[in-house]
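Here the structure is laid out as structure tokens; the discussion comes afterwards.
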Amino acid sequence: MKLGLITSILGDMPFEKMVDFVSEAGLECIEVACWPPGDAERRYAGVSHIDVDNMSPEYIAYIKDFCAKKGIEISSLAFYPNTMDGDLNKREANIAHLKKVINMSALLGVNMVTTFIGRDQTKTVEENLELFKEIWPPIIK
């Protein structure tokens with residue numbers, strides 16, 4: 001078993017300093033926060049240690065090499081939005097960013113994304129389950 005942390009708790013640190021801290025603490029893996037840039041609506045949201053808008057081969061190689069040199073494995077990329085938000089503009093933006101996180105995870109060879117399916121707070125559980133069936137299949141294809 002490997003022990004790690006979600007990097008959003010180290011949101012004030014740049015990527016390199018965060019990886020150094022985790023390595024020096026004796027941890028082995030990280031769930032890397034990948035929120036879009038901008039102001040956060042809640043604590044820890046808005047933290048991004050990997051820029052999923054930069055999918056250049058050089059950037060991908062840099063992330064992989066830096067982590068390897070420090071003995072740190074990226075266990076997953078993390079983005080916990082509300083992909084079922086009742087505000088369609090927010091929903092669309094959250095889904096678009098989540099797709100970038102998924103693509104970046106594949107490019108890094110991590111192949112794991114941790115997220116939140118979301119909910120529309122104005123709907124019942126049953127209505128949210130139906131909304132899930134509409135929203136999620138296109139995201140995971």
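May I ask what percent, to the nearest 5, of DSSP beta bridges between residues of the chain are antiparallel?
10
Helix hunt in the chain: which complete DSSP H runs extend at least 27 Å axially by C-alpha with mean Kyte-Doolittle at least 0.0?
What comes out of the filter, once short or polar helices are dropped, is 88-108.
Give, to the nearest whole percent, the P(r) tail of the range 1-84 beyond 21 angstrom, counting all Cα pairs.
Tail of the P(r) past 21 Å holds 26 percent of the pairs.
If you average the sequence gap of Cα pairs under 8 Å that are 6 or more apart and divide by the length of the chain, what percent do you get for the contact order?
22
Can you send over the carbon and sulfur percentage of the accessible area for the chain, probe radius 1.4 Å, protein chains only?
Ligands and nucleic acids excluded, carbon and sulfur give 55 percent.
At 222 nm, what helix-only mean residue ellipticity would the chain give, in deg cm²/dmol to the nearest 500, using -39500 (n - 2.57) for each DSSP H run of four or more?
-14000 deg cm²/dmol
Explain nothing, just the number: dipole magnitude of the range 61-114 about its Cα centre with +1 on each Lys and Arg Cβ and -1 on each Asp and Glu Cβ, in debye rounded to the nearest 20.
Charge dipole, the range 61-114, about its Cα centre: 160 debye, nearest 20.
Return the Rg/Rh value of the chain, two decimal places, where both radii are evaluated on C-alpha atoms and Rh is the Kirkwood radius.
With Rh from the inverse mean 1/r over Cα pairs, Rg/Rh is 1.00.
Let me check something: with ligands and nucleic acids excluded, how do K90, K69, K2 order by accessible area (1.4 Å probe), largest to smallest?
So, going from the largest accessible area down, we get K69, K2, K90.
Calculate, for the chain, the solvent-accessible area per residue in square angstrom, rolling a 1.4 angstrom probe over the heavy atoms of the protein chains.
That works out to 59 Å² per residue.
So which of K100/K133; K90/K141; K2/K100; K70/K100; K64/K100; K2/K64 end up more than 23 Å apart, counting from Cα to Cα?
Correct reply: K2/K100; K70/K100.
In the P(r) worked out for the range 72-113, what percent of Cα pairs fall beyond 17 Å?
Cα-Cα pairs of the range 72-113 separated by over 17 Å account for 36 percent.
Summing Lys, Arg as +1 and Asp, Glu as -1, what charge do residues with Cβ under 12 Å from the Cβ of K70 carry, K70 excluded?
Its environment carries a net charge of -3.
Mind grabbing the accessible area of E130 for me, 1.4 Å probe, Å², rounded to tens?
Surface open to solvent at E130 totals about 110 Å².
What is the magnitude of the charge dipole of the chain about its Cα centre, with +1 placed on the Cβ of each Lys and Arg, -1 on the Cβ of each Asp and Glu, and no other charges, expressed in debye to the nearest 20?
In debye, rounded to 20, the chain gives about 220.
The values are calculated or read from the model by the stated rules, or taken from the named source; none is laboratory data. Computed from a predicted model, the values in this text were never measured in an experiment. As a convention, Cβ positions derive from the backbone with ideal geometry for all residues, glycine included, and neighbour counts pool all protein chains shown. SASA here: full protein model, heavy atoms, side chains in, ligands and nucleic acids out. Shrake-Rupley method; radii C 1.70, N 1.55, O 1.52, S 1.80 Å.
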